[in-house]
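Each value in this text was obtained by applying a stated rule to the coordinates, not by laboratory testing. What you see is a predicted model, and the numbers here were worked out from it, not measured in a lab. Cβ placement follows ideal geometry from the backbone for every residue including glycine, while neighbour counts extend to all protein chains displayed.
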């Protein structure tokens, strides 16, 4: 008499967690999109394209946490659409970051992961890596240097005023998120576990940044969308760190 194969508890948890992230983000996005479509001032075509890009972003982050190479396919659409939206909205810095850095890194990541054995479905066989002690020192120093430079550049562009203390905290969150994004994408494309430390940093700083935006102006209701988005992303990045710690052993 043969025993039935049982699914490990960790895999059961992972499936349930992935379903929670995907369903939660999808329902939130559909609800918000439906509300905005009712407005006569809304560009419905652009809104639907943005919604599609956001959905691709959710799929990309979940695939990334589970070491699935499809993360770069979904990531391509997410980054390309977001970059175009930023350009059309006059956010040229974000547009340049996404189109000139994040977009090419999707191709770099795809070929690097394929060499390392990543698969699109089923159990991933990706050979994840960890930074050496020396590499961690170099990355830490590089991160601090980049953070200081980006912070003071953004501070100068942001100006000063009576709310300088709040503004500085918001700018620090923005700078921290920007630099974490750059380092996180680099380590992600080269299949290093430490990417998740930076993605967690991105999501924490983004939650803080959009919370400050929402608190400072009730008119910026769109900030709630991003607050919800990055809250889900934060949960997913914590799960990604858990999975990649095992993959990189």
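Assuming R0 = 22 Å, what is the FRET efficiency of residue 31 and residue 215, from their Cβ-Cβ distance, to the nearest 0.05? Before the final figure, lay out the partial values.
Working: r = 22 Å, r/R0 = 1.02.
Rounded to the nearest 0.05, the efficiency is 0.45.
Taking only the Cα atoms of the range 14-118, the ratio Rg/Rh comes out at 1.03, with Rh defined as the Kirkwood radius.
Once both labels are positioned 7 Å from their Cα atoms along Cα-to-Cβ, the gap between residue 88 and residue 246 label points is 4.1 nm.
How big is D, in µm² s⁻¹, for the range 20-81 by Stokes-Einstein at 25 °C and 0.890 mPa s if Rh is the Kirkwood radius over C-alpha pairs?
Result for D is 201 µm²/s.
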